[in-house]
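What follows is a set of notes on a single structure, which appears directly below.
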Amino acid sequence: MAIPVKLEVFEGPLDLLLHLIDKNKVDIYDIPIVEITEQYLEYIKQMETSDMNVMSEFLVMAATLIDIKCRMLLPKEVNEEGEEEDPRAELVQKLLEYKMYKYMSLELRDRQVDAARTLYREQRLPPEVAAYRQPVNYEELVGDMTLTKLHEIFKSIVRRQEDKIDPIRSRYGNIEKDEIDMDAKTLYVEAYAREHKSFSFRRLLEKQSSRMEIIVTFLIILELMKTGKISICQESIFDDIIITSNL
């Protein structure tokens, strides 16, 4: 009476090759192709499957192993750089990639199993607590800064813009009204605040290209200060005003 032998199930030919390499404890970069090929062919002889697509994949790999085995018996080819080419190099690369993806899939599966055991409690806050918003302390926010100081800086920047205008040439051509998109300029100032975190109020106004842009930017700074999105400080009365972003 024959003793039934149960074969391990592998996901594909690369999976079988990795199993044989681990089983024989050989270096994946220096595969003993003769020994591995013989074991591989012995395994597929014992396979019993009615799926020809699956069997064809294993047979293609068997043909590849036999081809590598034959190429290793021939004189080694030399590439353009004068180095000898290893017929096993392409197979080794595929095995390494497959091994990486296999370990990644096992890691993801373990995380999925762990996640299935995690339970979360739904947040249940009283409506009064959920609707609460911490009040803004405007006195603490503004500190020793006053609208008078801000207005002085504003006027000095406006004067600089006026000085840039040529009194003769400015009279020529058509006079066009500046159209400033308030929403777009607000997004610009908020993005500038996020990027620089702490910056000079004067420097921000100097970056504006027209008087109308300076006015709009000045109003936006006041609004951001009011809503607590920025903080303003000045070390002494003649120092520059420094804006700190809270965004």
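The values are calculated or read from the model by the stated rules, or taken from the named source; none is laboratory data. A quick note: this is a predicted structure, and the numbers were derived from the prediction, not measured. All Cβ positions, glycine included, derive from the backbone under ideal geometry; neighbour counts span all protein chains shown.
A few remarks follow.
- Cβ-Cβ under 8 Å pairs, at least 6 apart or on other chains, the stretch 79-96 side free of Cβ contacts under 8 Å to residues at least 24 places away in the same chain, far side exposed (fewer than 10 other Cβ atoms within 10 Å of the Cβ): Glu85/Asn79
- Screening Leu96, Leu65 for residues that are in contact with a helix residue (DSSP H, G or I) (Cβ under 7 Å, 6 or more places away or on another chain), outside any loop (DSSP other than H, G, I, E, B) and not basic (Lys, Arg) leaves exactly one candidate, Leu65.
- For the stretch 6-22, the criterion of being at pLDDT below 85 and over 25 Å from Tyr103 (Cβ atoms) is satisfied by at least one residue.
- Selection of the stretch 34-67 for residues being closer than 16 Å to Tyr98 by Cβ and out of contact with any Ser or Thr (no Cβ under 6 Å at 6 or more places or on another chain) yields Ile36, Tyr40, Glu57, Phe58, Val60, Met61, Thr64.
- Filtering the stretch 75-90 to residues that are in a loop (DSSP other than H, G, I, E, B) and over 14 Å from Tyr29 (Cβ atoms) leaves Pro75, Lys76, Glu77, Asn79, Glu80, Glu81, Gly82, Glu83, Glu85.
- Residue that is nearest to Leu96 (Cα to Cα) [pool: residues in the stretch 23-33 that are in contact (Cβ under 8 Å) with a residue 12 or more places away in the chain and surrounded by 12 or more Cβ atoms within 10 Å (Cβ to Cβ)]: Ile28
- Scanning the stretch 38-66 for residues that are among the acidic types (Asp, Glu) and under 21 Å from Asn24 (Cβ atoms), we see that the one that is surrounded by the fewest Cβ atoms within 10 Å (Cβ to Cβ) is Glu42.
- From the list Gly143, Gly173, the lone residue that is on the phi > 0 side of the Ramachandran plot, in the same structural domain as Cys233 (by TED's automatic domain parsing) and at pLDDT below 65 is Gly143.
- Filtered residue count, the stretch 207-247, keeping only those that are of a type in the set (Gly, Ala, Ser) and over 36 Å from the mean Cα position of the chain (by Cα): 2
- Selected residue (criterion: surrounded by the most Cβ atoms within 10 Å (Cβ to Cβ)) from residues of the stretch 85-126 that are hydrophobic (A, V, I, L, M, F, W, C) and farther than 20 Å from Gly12 by Cβ: Ala89
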